[in-house]
1. Per q in 0.12 1/Å, what log10 I(q)/I(0) does a Debye calculation on the alpha-carbon atoms of the stretch 2-98 return?
2. Please name which of SER67, THR55, TYR40 has its Cα lying farthest along the dipole of the stretch 7-75 towards the positive end, using unit charges on Cβ (Lys, Arg +1; Asp, Glu -1) and the Cα centre as origin.
3. Going by average Cβ neighbours within 10 Å, how do the peptides 62-68, 41-47 rank, with the highest at the top?
4. Within 10 Å of each residue's Cβ, count the other Cβ atoms and sort GLU89, GLU84 from fewest upward.
5. By how many nm would the segment from ALA31 to ARG13 lengthen if fully extended, with 0.36 nm per residue of separation less the alpha-carbon distance?
Amino acid sequence: MAMRSLNPLIHPRWDSFAAAHSKSSVFHQRAWLQALQDTYGYEPFFVFASGSDETLRDGFLFCEVKSRITGKRLVSLPFADHCEPLVSEPGSTQELIDMGRVPKAGTRMEVC
């Protein structure tokens with residue numbers, strides 16, 4: 001399984017993936033992500049595991065936030081009451097973190 005990232009605002013399969021996932025909420029939907037980008041300039045992206053068939057699988061949704069005060073960092077998701085990882089199995093969250101592409105809690109990441 002490979003780790004990939006995508007921009008949910010332009011990816012053609014994002015809407016159907018987010019709508020069908022059992023852990024998805026309004027905060028995972030394109031309209032919310034577009035509002036964050038339009039209002040605050042935040043860039044959303046989804047880090048996910050993908051099989052050889054390129055199917056979207058388990059992953060985490062983040063926004064890249066740039067601030068003169070706090071610098072560049074990842075937030076999942078700004079102004080959201082909750083935003084669960086979109087994972088299907090209980091152990092998937094830790095597995096994704098162990099793969100090294102998902103930041104651990106409290107970690108600041110630079111996005112290049």
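1. -0.37
2. Of the options given, the answer is SER67.
3. Peptide ranking by packing, descending: 41-47, 62-68.
4. Ascending Cβ contact count within 10 Å gives the list GLU89, GLU84.
5. 5.0 nm
Bear in mind that the values in this text are calculations on the coordinates, not laboratory data. None of these values were measured; they are calculated from a predicted model. In this analysis, Cβ positions are derived from the backbone assuming ideal geometry, glycine residues included, and neighbour counts consider all displayed protein chains.
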